[in-house]
Structure formats: structure tokens, C-alpha cells
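Structure first, then comments.
The values are calculated or read from the model by the stated rules, or taken from the named source; none is laboratory data. Quick caveat, the model's predicted, so the values are computed rather than measured. In this analysis, Cβ positions are derived from the backbone assuming ideal geometry, glycine residues included, and neighbour counts consider all displayed protein chains. Note: accessible area is taken over every heavy atom of the protein model, side chains too, but ligands, DNA and RNA are not part of it. Shrake-Rupley method; radii C 1.70, N 1.55, O 1.52, S 1.80 Å.
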Amino acid sequence: MAENGIGARSLRKEDQRFITGKGRYTDDISQHGQTHAVFVRSPHAHAKLVGVDKASVADMPGVLAVLDGTDVAADGLGNLICGWLVKSKDGSPMKMGPHPLLAQGKVRYVGDRVAVVIAETHAQAQDAAEALVVEYDELPAVVDVAKAHDAASTVHDEVEHNLIFDWELGDQAAVDAAMASAAHVTRIDLVNNRLVPNAMEPRAAIGTYDSGLDQFTCYVTSQNPHVHRLVMAAFVQVAPEHKLRVIGPDVGGGFGSKIFIYGEECVVTWASKKVGGRPVKWTCDRSEAFLSDAHGRDHVSHAELAMDADGNVTALRVHTKANIGAYMSTFSSCVPTYLYATLLAGQYKTPAIYAEVKAYYTNTAPVDAYRGAGRPEASFLLETLFEQAAKETGKDPAEFRRQNFIPKDAFPYQTPVALVYDIGDYEVTLDKAMELIDYKGFPARKAAAEAKGKKRGIGISCYIEACGIAPSAVVGSLGAGVGLWESAKVRFSHTGKVQVLTGTHSHGQGHETTFSQLVSEKLGIPFEDIEVIHGDTEKTPVGMGTYGSRSLAVGGEAIVKSCDKLIAKGKKIAAHLLEASEADITFENGQFSVAGTDRSKSMGEVVFTAYVPHNYPPDLEPGMEEGAFFDPPNFTYPSGTYICEVEIDPDTGVVKIEKLVAVDDFGNVINPNIVEGQVHGGLTQGIGQALLEGAIYDESGQLLTGSYMDYTMPRADDVPSFEVVTSAGTVCTSNSMGVKGCGEAGAIGSPPAVINAITDAIGVRVEMPATPQKVWAAMQGMARAAE
Amino acid sequence: MTKLSMTVNGKAVSGEIEGRTLLVDFLRQNLGLTGTHVGCDTSQCGCCVVHVDGRSVKSCTMLAAQAEGAEVTTVEGLAQADGTLHPIQAAFREHHGLQCGFCTPGMLMSAADLLQQNPSPTEHEVRDWLEGNMCRCTGYHNIVKAILAAAETMKGGMPQAAE
């Protein structure tokens with residue numbers, strides 16, 4: 001292993017700028033002549049937009065422009081899109097209403113963009129935005145997904161019953177038969193609570209038009225600048241793709257919410273031309289973020305698990321209603337379908353599975369991918385169901401799971417819900433987690449807790465997810481509008497320094513470090529001599545961005561392939577210099593050698609020769625720069641077991657997490673520090689979902705949890721220190737590095753572990769977030785029922 | 001417009017501001033010190049923490065005019081002039097106490113004040129102190145570890161970089 005190669009706990013290259021205040025986030029960028037945009041947003045969940053009286057603010061100090069949906073229409077701009085076409089059971093395409101940049105005719109959620117005010121200063125823009133007269137004619141709102149089908153009004157008039165699609169996966173007949181002959185069926189109704197992603201950096205964008213070049217530039221808080229450019233050019237038609245540069249500079253967290261192409265970045269880019277090419281800057285404040293960032297989760301489900309008399313699971317049936325919000329955001333359709341129902345096999349050999357998913361419009365903010373995206377919903381449903389089934393049949397929850405695991409010799413394993421798992425060994429992670437939490441010692445700890453008047457519970461979760469998104473042909477056949485390959489370039493300079501250009505984007509993941517380690521290992525050059533460049537469509541090769549733990553498994557493999565091409569070219573040059581046959585040249589630790597001799601050339605000498613090709617192989621191009629695309633043959637399948645132990649105060653309902661152990665099988669790991677950090681963050685978001693967080697709308701569609709005073713973010717004193725093991729079990733077969741991906745696991749595996757622990761402690765399951773009030777009320781209900 | 005003078009990171013600065021200008025906006029916009037961030041609008045997240053006369057303050061919740069004549073230190077002023085990192089900065093790097101970096105300046109400034117007031121905090125005290133600083137990336141695990149490590153480094157003398 002190189003000093004900072006694969007497997008090293010290298011310190012991050014990114015950190016120097018962030019710890020000294022030299023990060024460069026979008027709002028940190030100020031340009032000459034910059035103007036400021038403030039969006040006027042609907043205060044109503046559902047209303048006819050009667051009119052915007054632009055004249056009401058035209059003369060206010062500093063106001064440069066007021067633009068609304070009529071201006072968008074007059075300039076012929078297109079709508080925002082949903083990039084994944086899902087078909088209903090009957091084969092009909094999903095029913096999608098238009099998603100304009102600025103509202104046209106109707107507003108559909110509190111926070112819907114109505115107009116933008118551009119002024120010389122932010123304060124002036126804010127003053128004018130508050131003063132702008134907008135006339136609305138209120139309509140009844142649809143808020144609750146469970147009631148959307150029969151609601152009195154429709155969010156989009158062309159979508160009857162607010163039903164976007166009625167989709168299914170699996171073998172319904174086989175499941176019906178298995179249910180009919182089951183010895184026992186466990187049934188569950190559950191809610192997957194709606195969440196707000198809450199990256200600490202609020203969204204922001206700066207649009208600029210250069211009339212000399214006829215070129216637009218958009219700085220934006222993006223997880224995928226190239227996808228931004230593609231959608232803004234091809235669909236919204238702000239500018240042709242070659243006349244639009246999108247830059248995602250330092251981005252302060254994303255968790256999915258910055259994948260999507262929102263109206264704001266399109267509007268400020270378009271509007272720059274309207275104000276004489278001056279830069280137009282918009283920065284979201286937190287209240288605005290709560291209203292307008294795409295939210296996550298929000299499922300209501302009914303599920304049934306059939307078992308034979310020996311406790312072998314024979315079938316699973318799931319009915320889910322998914323809330324899509326008022327508009328279909330960029331990836332919204334695939335989250336409750338192909339990223340959800342395909343994971344319902346979990347780690348189990350369940351022979352027959354059927355899932356039906358109905359997706360509904362409501363008068364709430366759009367819902368799209370949030371850390372895990374569909375997979376946490378699947379994992380939560382399955383693992384609470386397995387827990388309940390074990391309890392109902394009197395089995396130990398760990399042994400019930402073990403009994404139903406896909407055995408390690410059954411891989412590659414075709415699940416009944418479309419995916420083929422390449423490899424896994426689920427007993428390894430289960431055993432390790434049981435050992436770390438001292439599962440056997442739990443009864444004694446429970447007894448000790450009871451002796452002091454506390455309730456104690458233990459909860460298991462065995463999750464799986466699909467990462468490394470994704471094989472293009474597979475996702476294409478399922479309705480994706482794009483390919484999900486990744487690309488890279490690796491470029492030496494004369495002096496042997498290396499630039500790595502990647503189409504992925506880092507917003508906390510530490511790609512500058514991980515990719516440098518990878519290249520250092522592959523090319524045998526110092527970690528310090530490598531620079532990773534990302535986030536600018538003018539500098540980097542086209543890529544699909546960062547989400548679904550794809551950056552290393554897909555983007556990293558494109559880097560590996562680029563390195564392999566450089567090594568292959570280097571061998572030709574070295575063979576020429578060493579007057580040897582190319583077939584006899586080996587490459588190791590940065591040295592090209594003639595096999596079986598001590599004759600060699602360093603990478604540096606070979607690179608210099610490539611750029612100063614005075615003595616050079618005929619017919620070989622000069623230079624040392626190679627690029628590659630990688631389209632993965634399969635998803636990757638990280639899996640693991642999380643076990644949580646809680647203690648509950650029966651007088652207050654307060655749940656204290658005494659211990660949470662996370663044992664993951666991520667395959668090989670490039671930088672353990674970074675991977676463990678990803679798990680810590682995911683665990684905390686999962687604990688947030690389980691105990692604290694929930695986006696609540698009232699019946700009229702007003703967001704009640706619209707600030708950090710109301711929406712409970714996990715804070716340092718809400719979570720414990722964690723015990724994590726990141727590489728237990730197997731090595732991925734879908735890329736040469738053997739990596740699986742680690743970005744979402746923590747948020748997928750932890751909610752069911754926490755909730756199962758609470759259920760174990762108090763004897764009844766409470767819906768997430770399991771606040772003290774809910775837990776206390778559930779315990780009172782149990783006590784009354786017992787009387 | 002009001003005239004304003006203060007000392008920021010050891011340098012005398014002045015500017016003309018509107019009465020409603022917040023300290024964080026004066027630092028970011030007038031002085032170009034963009035290391036101090038704004039993550040919310042309800043004084044909850046702590047991304048904007050700076051030191052005013054030696055104590056940690058949420059600079060989004062203070063008018064710039066209230067800092068007239070004050071000594072202000074931002075994250076840009078935490079390291080020594082020769083670039084030697086403050087032990088807390090070094091510990092955050094050493095223990096992977098940051099991911100996206102957005103909350104980091106506020107975390108560092110808050111932690112620096114904690115260790116001034118309590119040089120030997122327990123894990124519980126660190127977590128309790130960080131109540132006013134949110135992080136969405138790290139789950140706080142490595143932030144807590146870094147602050148405890150920095151406390152060890154700083155014990156018994158002048159701050160020195162951990163490395």
C-alpha cells in the first residue's frame with residue numbers, strides 16, 4: 001500500500017480551506033455589478049393566481065426588475081422536468097402536470113414561486129418582495145396522501161384523483177397463493193414520516209449573462225452540475241448547452257436536496273440578461289428552504305408477511321401510497337418505485353413478493369430523494385415487519401432473521417423484485433453486531449434497568465441497499481431518461497504532477513482525498529502531487545453527479561480505467577526507452593521495469609518523455625492524458641446489521657439511546673476515516689427520523705415545522721458516540737476496486753433499529769418520530785389496556 | 001447610514017452601514033470575511049459564531065452597530081499569523097471533524113470559547129455546549145472527539161498546533 005494509498009486513513013485535502021474560513025460556497029462569491037434576487041412565494045397551499053401587480057413596487061428604491069410567470073411564458077421558457085417515466089399497471093404513462101419556473105394560473109403549495117424581484121441590494125429586493133401586491137383566489141387544499149384519492153379538489157386539473165401512477169412490481173398471483181396457505185400472516189400499517197433534508201448550506205445561485213460571448217454562467221449549490229446544465233439547456237431552454245456553464249463550487253451538504261433542478265437557478269440565470277447582463281444572486285434563507293427544498297419520504301403503507309409453520313417466510317405483500325407533493329421534482333417518480341419496491345427482498349430469501357405503489361399529488365412541497373431515497377422506506381417497512389413477525393411467532397428476532405437470510409452460497413441471487421445481488425454474507429454482519437452489543441447480556445441489562453424503574457429494549461435492523469447507480473441499460477428499461485455512467489480524465493503535466501478531472505461532485509464526501517489515494521495507489525505517485533478537479537462544466541468531463549453512493553463505485557472506476565490506459569501507454573514508452581519488448585514491461589510502485597532485470601524507468605521519466613518526445617516510439621501520440629467512461633454492469637449492494645439499545649423513562653417517555661452499533665459490509669474501503677464519518681452522519685439522520693424529525697402541514701397546507709424552532713434537528717446531545725465496523729464480509733464484484741458505497745447506509749439501517757428497540761421496551765410500536773409525548777401516551781395506553 | 005469602527009482579527013476596520021445591518025453581514029459583505037456562514041434565520045444553527053470581546057456570539061443575532069469598538073475574531077483569525085493552526089483547527093482535521101465544512105467555522109469558534117471557559121470538559125459537557133451548533137454531516141461523533149483531543153493538546157500552556 002502506498003503511504004496515502006488504498007486503505008490509508010489519510011487526512012483530508014479539503015480541510016485546510018474549510019478550517020481556515022477559505023471555503024468558497026456560492027453565497028461567498030460576489031461579482032462586480034452584482035444584483036440581488038428575492039422570490040415572492042405563495043402564502044396559500046392552493047389558489048388561483050389572479051394577478052401580480054408589478055407596478056405596485058416598480059418605483060421602490062433599487063428595484064431593477066419584477067418578473068412573473070407571464071414573463072417566463074412570453075420568453076418561451078420550458079417547464080421543469082421529472083427525468084424518470086414510470087408507467088402504471090395498465091401500461092399508461094404517469095400523469096404529470098406542468099411545473100413552471102414561476103407560477104402560471106395557479107399556485108399549488110405554500111412556498112410556490114410566484115415572482116422574482118431583482119434589486120441593487122438584498123434588503124431592497126426583500127422590501128419590494130414584501131410590498132408586491134399579488135391577488136389570489138383560494139381553493140381547497142389536499143394535504144394528506146392517505147386522503148388524496150378522494151379529495152374535493154385536484155392539484156393539477158388534468159390528473160384525476162391526484163393519482164400520478166398506480167404501479168406494481170412482483171408476482172401478485174404467487175403472493176396471493178402463499179398468503180392463502182400461510183400458517184401465520186403478520187400485518188402492519190405504518191407511516192414513513194416526511195422529512196426536510198436540511199443541508200446546513202441553504203440553496204443559492206448566481207446567474208450571469210456575458211453579451212460579448214453570448215454565454216450564461218450559473219453558480220449553483222448542485223450535486224451534479226452537468227445534469228443542471230443538461231436540464232436547463234435541453235428542457236428549460238435558458239440557453240443552448242454549449243452557451244451555458246454551470247459551476248457547483250464548494251457545496252455545504254446535499255443529502256439529495258441539491259440533485260434537483262429547481263426554478264430558482266433557472267430564473268436568476270435567465271433574469272441576468274434582463275438586467276443588462278449583471279450577475280443576479282439569490283440565497284435562500286432557512287425559512288424559505290423549509291418551504292421550498294424538496295422534502296423526503298412521506299409514505300403510508302400496509303404490509304403483510306406470510307410464514308409457514310416453521311417460521312420460514314413465504315411471501316410479502318405491500319401497498320404504499322407515496323406523497324409526491326405539488327409538482328414532480330427531478331427524480332421523484334423513481335424514489336417510491338425502483339429505489340423502493342426493488343429493495344423489498346432485503347437480506348431475505350422471500351420467494352414471492354408483490355408491491356403496489358400509488359403516487360399522489362398534494363398541495364405540499366415537492367418530495368424527492370433524501371439520503372437513501374426509497375431504500376430507507378423499504379428497510380423500515382421490512383425490518384419493523386420482521387420484528388413484529390418474530391414477536392408474534394415467539395421467535396428471537398435475530399434468529400428469525402438468520403433463518404430467512406439468503407445463504408452466502410446462493411449468490412449471485414435473483415430476487416423476486418428485479419435486482420440481482422452480486423454477493424453478500426449476512427450472517428457475518430449479524431454475528432459481529434450481536435457480539436459488539438453483547439446481545440446475550442441484554443436480559444441482565446434489562447433486568448437492571450427495570451430494577452431502577454426504567455424500560456429497556458433492543459432492536460435489530462438488517463438492511464440492504466442498491467448503490468453505485470446505475471447500469472444505464474437497466475435504468476433505461478425502467479424509464480430513466482438518462483444513462484447513469486460516469487467519466488473521468490487523468491492528466492499528467494511535464495513535471496509529473498497529476499490532475500484528476502471527474503464528473504462527480506463532492507459536497508462533504510471528501511473526493512479530493514479519496515480519489516487522490518486511489519490514483520496514488522494506481523500510478524505510484526505521491527498523494528500530494530495529485531489535484532482533483534470537479535464541479536465546473538467548463539473544466540470537467542461530463543458526468544451525472546453524486547448521489548446513490550455512486551461517486552467511487554462508478555466515478556472511481558472511470559478514474560481507474562483512465563489510470564490503466566496511462567499505464568498501458570507508459571509501457572510502450574518505457575519499452576522504447578529500455579529497448580525491450582512491450583510485453584516484458586511490468587509496472588509496480590511507479591516504476592516501469594523489464595521483467596527479470598534491474599532495468600527500469602520511473603513514471604516521471606516516462607511522463608517527461610511523453611511530453612518531450614525526442615526519442616519516442618513511432619506512431620505513438622505524445623502526451624500523458626487519458627480519459628474513460630464507466631457504465632457499471634450492476635448496482636452494488638452494501639448491507640449490514642444495526643442494533644440499538646434504548647432505555648426509556650416511563651414517567652416522561654424520553655428515549656435514551658444507550659448504544660448503537662453499526663456493522664456494514666461496504667466491500668473494500670479506500671479511506672476508513674471518511675467511510676466511518678459517512679456512517680456517523682447517516683446514523684444521526686436516521687436517529688433524527690426515528691426520534692425527532694417530522695415535517696408537519698396543517699389541514700390548510702401551512703407548514704407548521706418551518707424553522708429550527710419547530711423542526712427538531714438532531715443536536716450533539718441527542719445522539720451517542722457510535723461503534724461502527726465498515727468492512728465486514730464480502731468484496732463487490734461490479735467494479736475492480738471491490739467497493740460498494742457507504743453514503744446512505746446509516747440513514748437506511750438505523751430508523752428500524754431504533755424503533756424496534758422502543759417497541760421491545762414498551763411492547764407497542766409508535767410511529768416516527770417517537771417523541772417523548774408519543775412514547776408516554778403509548779405506554780399509558782398499554783397500561784390502560786392491561787387494567 | 002452609520003459609521004462604524006471595530007477591530008477584526010487584530011486589524012482596525014471601519015465602514016458605513018445601514019442601521020439594520022447584522023454583524024454577520026458586515027463581516028461577510030463589507031469586509032469580505034466569508035468564512036463566517038449563515039445557516040438559519042432563528043439563531044439556532046450556529047454557523048455564524050464569532051468571538052466578540054473574547055466570547056462566542058451568534059453574529060446573525062447581533063447588529064453590527066452593537067459591535068462598535070469591539071474586538072471581533074472570526075475563523076479567519078483563529079490560526080496564528082504564520083499559518084500555524086489553532087489546536088482546535090488541527091484537531092478537527094486530525095479527527096475528521098468536518099465533512100462539507102459549512103458548519104465548521106461556527107463549530108471551531110464555539111469550541112474555542114468552550115475550552116477557554118472549561119479546559120477539561122467531559123464528553124457530556126462538550127455535547128451540552130454544542131447545543132447551539134448544528135451539523136448535518138458528521139453526526140457530531142468526530143466533532144466531539146476533536147474537541148476532547150484539542151483540550152488535551154491545550155492543557156498546560158499556550159495553544160500549539162497538534163501536529
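List of remarks:
- Hey, A:ASP651 within 14 Å of chain B (Cβ to nearest Cβ), of a type outside the set (A, V, I, L, M), open to solvent by 10 Å² or more (accessible area, probe 1.4 Å) and in a loop (DSSP other than H, G, I, E, B) or not: no
- Selection status of A:ALA65, part of a loop (DSSP other than H, G, I, E, B), open to solvent by less than 20 Å² (accessible area, probe 1.4 Å) and not acidic (Asp, Glu): no
- For the stretch A:275-291, the set of residues classified as away from every other protein chain (no Cβ under 14 Å), touching a residue at least 60 places away in the same chain (Cβ under 8 Å) and out of contact with any helix residue (DSSP H, G or I) (no Cβ under 8 Å at 6 or more places or on another chain) consists of A:VAL275, A:GLY277, listed by residue number.
- Matching residues, the stretch B:65-94, being aliphatic (A, V, I, L, M), touching a residue at least 24 places away in the same chain (Cβ under 8 Å) and within 11 Å of chain A (Cβ to nearest Cβ): B:VAL75, B:LEU78, B:LEU85, B:ILE88, B:ALA90, B:ALA91
- Every pair of residues 6+ apart whose Cβ atoms lie under 7 Å, when the first sits in the stretch B:133-145 and is more than 7 Å from chain A (Cβ to nearest Cβ) while the second is of a type in the set (S, T, N, Q): B:ASN133/B:SER110
- Residues of the stretch A:336-351 satisfying the condition of being open to solvent by less than 10 Å² (accessible area, probe 1.4 Å) and on the phi < 0 side of the Ramachandran plot: A:PRO336, A:THR337, A:TYR340, A:ALA341, A:THR342, A:LEU343, A:LEU344, A:ALA345, A:GLN347, A:TYR348, A:THR350
- With respect to being open to solvent by 10 Å² or more (accessible area, probe 1.4 Å), away from chain B (no Cβ under 14 Å), in contact with a His (Cβ under 9 Å, 6 or more places away or on another chain) and of a type in the set (A, V, I, L, M), A:ILE6 falls outside the description.
- The listed residue being in contact with a Lys or Arg (Cβ under 9 Å, 6 or more places away or on another chain), among the hydrophobic types (A, V, I, L, M, F, W, C) and open to solvent by 40 Å² or more (accessible area, probe 1.4 Å), out of A:ALA448, A:ALA470: A:ALA448
- In the stretch A:181-210, residue farthest from the other protein chains (Cβ to nearest Cβ) [restricted to those that are part of a strand (DSSP E or B) and among the charged types (D, E, K, R)]: A:ARG187
- Note on the stretch A:556-605: among residues that are touching a Lys or Arg at 6+ places or on another chain (Cβ under 7 Å) and in a helix (DSSP H, G or I), the one that is surrounded by the fewest Cβ atoms within 10 Å (Cβ to Cβ) is A:GLU582.
- Here A:ALA553 meets the list (1) modelled with pLDDT of 95 or more; (2) in a loop (DSSP other than H, G, I, E, B) almost entirely, failing just condition (2).
- Residue in the stretch B:109-127 that is at the interface with chain A (Cβ under 7 Å from one of its Cβ atoms), in contact with a Leu (Cβ under 6 Å, 6 or more places away or on another chain), open to solvent by 10 Å² or more (accessible area, probe 1.4 Å) and closer than 22 Å to A:MET200 by Cα present: no
- Considered as a group, the residues in the stretch A:23-36 that are more than 7 Å from chain B (Cβ to nearest Cβ) and open to solvent by 20 Å² or more (accessible area, probe 1.4 Å) include one that is nearest to A:ARG203 (Cα to Cα), and that residue is A:ASP27.
- Test for B:GLY97: is it more than 8 Å from chain A (Cβ to nearest Cβ) and either open to solvent by less than 10 Å² (accessible area, probe 1.4 Å) or under 25 Å from A:GLY682 (Cα atoms) (or both): yes
- Any hit, the stretch B:19-31, residues being buried (at least 23 other Cβ atoms within 10 Å of the Cβ), on the phi < 0 side of the Ramachandran plot and at the interface with another protein chain (Cβ under 8 Å from one of its Cβ atoms): no
- Total residues in the stretch A:301-349, condition assigned to a loop (DSSP other than H, G, I, E, B), polar (S, T, N, Q), in contact with a strand residue (DSSP E or B) (Cβ under 7 Å, 6 or more places away or on another chain) and over 30 Å from A:LYS258 (Cβ atoms): 1
- Taken across the stretch A:729-747, residues that are in a loop (DSSP other than H, G, I, E, B), among the hydrophobic types (A, V, I, L, M, F, W, C), within 13 Å of chain B (Cβ to nearest Cβ) and touching an Asp or Glu at 6+ places or on another chain (Cβ under 9 Å) do occur, with at least one present.
- Residues that are surrounded by 24 or more Cβ atoms within 10 Å (Cβ to Cβ), more than 16 Å from A:LYS455 (Cα to Cα) and out of contact with any Asp or Glu (no Cβ under 7 Å at 6 or more places or on another chain) within the stretch A:749-767 comprise A:GLY749, A:SER750, A:PRO751, A:ALA753, listed in sequence order.
- Among residues of the stretch A:128-144, those that are open to solvent by 60 Å² or more (accessible area, probe 1.4 Å) and over 30 Å from A:TYR360 (Cβ atoms), counted: 2
- The set of residues from the stretch B:32-56 being open to solvent by less than 50 Å² (accessible area, probe 1.4 Å), of a type outside the set (Val, Ile, Thr) and more than 9 Å from chain A (Cβ to nearest Cβ) comprises B:GLY46, B:CYS48, B:HIS51, B:GLY54, B:SER56.
- Listed conditions (1) under 23 Å from the mean Cα position of the chain (by Cα); (2) outside any loop (DSSP other than H, G, I, E, B); (3) modelled with pLDDT of 95 or more are all met by A:VAL519, apart from (1).
- When A:VAL428 is tested against (1) part of a helix (DSSP H, G or I); (2) touching a Gly at 6+ places or on another chain (Cβ under 6 Å); (3) open to solvent by 10 Å² or more (accessible area, probe 1.4 Å); (4) within 24 Å of A:ALA306 (Cβ to Cβ), only condition (4) is not met.
- Failed item in (1) among the β-branched types (Val, Ile, Thr); (2) within 21 Å of A:CYS462 (Cβ to Cβ); (3) at the interface with chain B (Cβ under 9 Å from one of its Cβ atoms); (4) touching a strand residue (DSSP E or B) at 6+ places or on another chain (Cβ under 9 Å), with A:VAL719 passing the rest: (2)
- Within the stretch A:689-715, considering residues that are touching an Asp or Glu at 6+ places or on another chain (Cβ under 8 Å), closer than 17 Å to A:VAL654 by Cβ and surrounded by 22 or more Cβ atoms within 10 Å (Cβ to Cβ), the one farthest from the other protein chains (Cβ to nearest Cβ): A:LEU691
- Matching residues in the stretch A:9-22 - criterion: being small (Gly, Ala, Ser) and within 7 Å of chain B (Cβ to nearest Cβ): A:GLY21
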